[in-house]
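Asker: Here it is, the structure, as structure tokens.
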Amino acid sequence: MSQSSAVTSSPAQLSWLLILVLGAIAALTPLAIDMYLPAMPAIAADLNAPSSAVKSTLVAYTAGFAIGQLFHGPISDSYGRKPVMLGGVALFFICAVVSAMAQDIDVLMIARTTQGFAGAAAAVIIQAWCAICSSAKSLRVPCRLLRW
């Protein structure tokens, strides 16, 4: 009656944990915009840049996100979803740190554009995962929670 000390999770618990993690990752991109908007006047003052230049970083982020969606789908089909998702999330956080430490509006512009590009990986891959898993009966309801 000796059982392994390794903890195993049931598939239902694992799927809900996966849903929770993917939902948190999917929330990164909207959070990167929503938390950034109120700080724009302070960013302009801190970087000694015109407010129009700071506002254009939002446009750059959105453009990077749009362009990233075109690339991450085919890349994830070729190399797999997991490495592309992990790489995108890692690059997203690196760009967040670079953005926070930027001393120049040009550095901020490049970091925000790259951050948007990296954030698109999560959006594309989570949608692809939901499309694939929607055929599994046990994951139909949890997958609907991630669709936006």
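Asker: I'd like to know if region 35-44 contains one or more residues that are out of contact with any Phe, Trp or Tyr (no Cβ under 8 Å at 6 or more places or on another chain), among the aliphatic types (A, V, I, L, M), free of Cβ contacts under 8 Å to residues at least 12 places away in the same chain and closer than 14 Å to ILE125 by Cβ.
Answerer: no
Asker: Out of SER78, SER52, SER56, which single residue is in a helix (DSSP H, G or I), without any contact (Cβ under 8 Å) to a residue 12 or more places away in the chain and closer than 21 Å to ALA118 by Cβ? Walk me through it before giving the result.
Answerer: Working: SER52 fails: closer than 21 Å to ALA118 by Cβ; SER56 fails: without any contact (Cβ under 8 Å) to a residue 12 or more places away in the chain.
Step by step, each of SER78, SER52, SER56 is checked, and only SER78 is in a helix (DSSP H, G or I), without any contact (Cβ under 8 Å) to a residue 12 or more places away in the chain and closer than 21 Å to ALA118 by Cβ.
Asker: Sticking with this structure for a sec: Hey, can you tell me all the residues within region 91-108 that are surrounded by 14 or more Cβ atoms within 10 Å (Cβ to Cβ) and more than 16 Å from ALA42 (Cα to Cα)? Don't jump to the end; show me each part of the working.
Answerer: Here is the first cut: in region 91-108, the ones surrounded by 14 or more Cβ atoms within 10 Å (Cβ to Cβ) are 91-92, 94-96, 98-99, 102, 105, 107-108.
LEU91, PHE92, ILE94, CYS95, ALA96, VAL98, VAL107 - these are the residues of region 91-108 that are surrounded by 14 or more Cβ atoms within 10 Å (Cβ to Cβ) and more than 16 Å from ALA42 (Cα to Cα).
Asker: Now for a different question. Can you tell me how many residues in region 72-88 are hydrophobic (A, V, I, L, M, F, W, C) and surrounded by fewer than 17 Cβ atoms within 10 Å (Cβ to Cβ)?
Answerer: Residues of region 72-88 hydrophobic (A, V, I, L, M, F, W, C): 75, 84-86.
After this cut, where a residue has to be surrounded by fewer than 17 Cβ atoms within 10 Å (Cβ to Cβ) as well, the list is 86.
Of the residues in region 72-88, 1 are hydrophobic (A, V, I, L, M, F, W, C) and surrounded by fewer than 17 Cβ atoms within 10 Å (Cβ to Cβ).
Asker: Exactly one of (1) surrounded by fewer than 20 Cβ atoms within 10 Å (Cβ to Cβ); (2) at pLDDT 95 or above is unmet by GLY64. Its number?
Answerer: Only one criterion in (1) surrounded by fewer than 20 Cβ atoms within 10 Å (Cβ to Cβ); (2) at pLDDT 95 or above is unmet by GLY64, namely (1).
The values are calculated or read from the model by the stated rules, or taken from the named source; none is laboratory data. No experiment lies behind these values; they were computed from the predicted model shown. Note that we place each Cβ from the backbone using ideal geometry, even for glycine, and neighbour counts take in every protein chain shown.
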